Amino acid sequence: MSLSGGKKSSVRKKSSGYAQVFWWFAALAACLYVAWLTYLPAYSGRAGIWTQSKLDFLLGQTGYLFPVFFLYSLLELAKKNYPLLRWLRALFSLLSLVFLASLFSLTAGIFSADWGQRAGGIVGFKIGAALITAFGRFGGVLFTLIFFLAALHFLFRIPWLKLAESVLKKLTAEYRAWKKEHQTLSAQVLAAKKESPVIQMAPAAAEKPVDKQPLKIETSPNPAQNEKKEKVSSRVKERDAENSSSTYILPSLELLTPPQSSRDRGKPSEAEIQAASSVLEATLKSFGVEARVSGVSPGPVITRYELTPGPGVKVSSIAALENDIALALKAKGIRILAPIPGKGAVGVEIPNSKPAMVYLREILESPAFMNSQKPLLFGLGLSADGEPKTADLQTMPHLLVAGATNSGKSILVHSIIASILFATRPDEVKFVLIDPKRLELTFYEGIPHLFDPTTSPEKVSVITSPKDAAKVLKAVVRLMEKRYEKFQLFGVRNIDAYNALAVKEKRPREFFVVVIIDELADLMLVAQDSVEDSIQRLTQMARAVGIHLVLATQRPSVDVITGVIKANLPCRIALQVISKVDSKVILDSTGADALQGKGDLLYLAVGSQKPERCQGAYVSESEISKLVAYLKTQAKPDYPALETMTKSAEADLSSLGVEPLEFSQALKLVLERRRVSQDLLKSHFGSSARATNLLSALEVKELIHKPEGSNHWDIHFDQIEDYLRQHFPQVPVETRD
């Protein structure tokens, strides 16, 4: 009996399964037939024409969307989730169509009732008429629109807030860009009106003698030709309009090679991406690793495939198959990112078959560079997904660049220097260039941005001797100390605060100093102790006073990149290296050994756990030569003397047990308070011994005097002011009547 019951139940299940399949096929056929007769009624026969006329009578023009919502309802009912949710989605699909029909009827009914019935059919017309009676036409349109959007949100989970926010951001960015272009063009037209018009040589005037004067590059008459140059100039004008130089004109980006027109150059085709994805999944499956390609980010040099592992698959099992994946894809070398930071996927970076060249000009013309007001911003290159990438040396605050020979290290250094030269004036940024190889940085001889604290501006040059480099680094350390003394006297914390105060008080501003060492290994070989000590002090303290270091080397070994240097250089760029050991020395991780060379790099930003892959920007020697030739026509090296006090004066104060900084502060305090006493100095400097020494030094220097038989100090204010102007010119002196 139980056996017969089991047979009957199995027969029922089979029959019910067949019936379910039959009904689904029937529903799908009905959906296709409705779509056919809706969009092609002339080929639907009498039954189709009759059905289409009834659908048009019920829904009007909204009936053209009925097949779409009908198909969506079938797909929702076919899902294997909660039955109530499936039926609700199917119901909301039909309700959204009804809301849309009433919305069409209400809006078209503004012109005539006949139009309203044609647009929304009898269903939309009746519902619209009821809403007009209850709420008026405006209220009916408003409520219908809200219900329709709510139904769409329930059906398709549309993030309306994010969508509105992105649209608003896009419109705001477009408006700001238009406003900036409008202001730049207006300023340019106004400047052209003030200046004399450009003289165009007529055919008859060509025979007249011309004065033998050096040619000047015209910068203002054609806005279309100099559009990019004006954009770069606007960065400086907006950052510091009050102190902009009237004689120095920033170089134009026309000096650089323009990029190729195609944005997708170098990227693989869709067929190549599909083929690589299939091979990647099949290779992993052959080793028993379940994973699927969930995303692709094609770039100019490499393409990143995002792998989502299956349940129970370890990330390490994918990373261990690096060589096998490279063999299957016939690639030069791949890099596995396990996992991608911020994503639940493993990245597999595969080199493109035809990598593209990335030019520096396309990075400097990008919004990432144009829209920034940071003076030490430079173009890094294109990211793995093909977006322009920039970096700010001021926030790093120091940078280590390392890579093997012919990996693109020197070109990267050139792109850093050129990026800053295109956007800053000589009074804003100075370069201390140290090149023991005498090959790369000597291009920049004679530019107005050159700086050497050990010599005068007339004799400044690129430092090529390792011994001279050690002396220059010590001088930069002294410059750092002097600036700290000055900032302390003015009560500011960093160079930005000091420059803001200097603008208000109409004082000279301090410039940024970028120290670039092209080959650190040579310096460490000749004078490791002094060089390492100077680099350590600068990297620890120089950020606040506007001094930043860029150290480059092609020998990334532990005796060159020591632990002391690495500890103070959190921001690093690694180009292609020979071994995994070299990669670990630079980045504390592997990956640089799998790079493709020719500018392919890993950028480890401050605070990042894993480096980001980029293709460095290329700038040629001819482009650098054009830039340097232009800069030489604009200005010559110029900077003030740095020694604020003679060695003999410092030694004299030291013999009295007084530091120069404390003595200058004491002099300023006496001028401000117009009195001097032991208690006053003790309360300010916090020590009776310091107060006694300072008081004695003031008396020895004959700046104060106590008459015999009196407890009152006579103060020679004029002599104090003269002493400050002579020995401490950085201290502000306010003369009182």
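Please treat every number below as a calculation from the coordinates, not as lab data. Small disclaimer: the values here were computed from a predicted structure and weren't measured. FYI the Cβ positions are ideal-geometry reconstructions off the backbone, even for glycines, and counts take in every protein chain you see.
Amide H contacts of TYR359 (H built 1.01 Å from N, in plane; Pro and chain starts excluded): TYR618 sit under 5 Å, all sequence-distant by 5 or more or on other chains. If you wrap the tightest convex hull around every Cα atom of region 374-634 and split its volume per residue, you get 126 Å³.
Rounded to the nearest Hz, the phi-derived 3J(HN,Hα) couplings of region 531-547 under the Karplus curve 6.51 cos²θ - 1.76 cosθ + 1.60 (θ = phi - 60°) are 5, 5, 5, 5, 5, 4, 5, 5, 5, 7, 10, 7, 4, 5, 9, x, 10, where x marks glycine and proline. In region 651-707, a dipole from Cβ-located charges (positive for Lys and Arg, negative for Asp and Glu) runs towards its positive end, and of SER664, SER696, SER677 it is SER677 whose Cα lies farthest in that direction. Put simply, the amide H of GLU290, placed in the peptide plane, has neighbours under 5 Å in GLY310, leaving out anything fewer than 5 places away on its chain.
Legend: ranking of residues THR62, THR454 from fewest to most surrounding C-beta atoms inside 10 Å; resulting order THR454, THR62. Across every pair of non-identical alpha carbons in region 433-491, the mean reciprocal distance, once inverted, gives a Kirkwood radius of 12.6 Å. The ranking of VAL550, VAL658, VAL315 by Cβ neighbour count inside 10 Å, starting from the fewest, reads VAL315, VAL658, VAL550.
Find the Rg to Rh ratio for region 647-727, where Rh is the Kirkwood radius over alpha-carbon pairs and Rg uses the same atoms.
0.93
To the nearest 0.05, what FRET efficiency results for ASN494 and LYS180 with a Förster distance of 30 Å applied to their C-beta separation? Approximately 0.60, to the nearest 0.05.
Thinking of region 461-521 as a set of Cα atoms, what percent of all their pairs are more than 18 Å apart? Here the long-distance tail beyond 18 Å is 47 percent of all Cα pairs in region 461-521. Past 25 Å, Cα to Cα: identify those pairs from LYS459/LYS632; LYS580/LYS610; LYS566/LYS636, in the order given. Among LYS459/LYS632; LYS580/LYS610; LYS566/LYS636, the Cα-Cα distance tops 25 Å for LYS566/LYS636. This ranking places SER96, SER353 by how few other beta-carbon atoms lie within 10 Å of each, fewest first, which gives SER353, SER96. The modelled label-to-label distance between SER53 and ILE122, using points 7 Å beyond Cα along the C-beta direction, is 1.3 nm.
To the nearest 0.05, how large is the calculated FRET efficiency for GLU272 and LYS506 if R₀ is 56 Å and r is the Cβ-Cβ distance? Computed FRET efficiency for GLU272 and LYS506 comes out at 0.35. Diagonalising the gyration tensor over the Cα atoms of region 270-351 and scaling each eigenvalue by 5 before taking the square root yields semi-axes of 17, 14, 12 Å, largest first. Between ARG335 and GLU349, the built amide H atoms are under 5 Å apart, and every one of these is 5 or more places off in sequence or on another chain. In plain terms, the chain from LEU680 to LEU525 could stretch by 50.6 nm, reckoned as 0.36 nm per residue minus the Cα-Cα distance.
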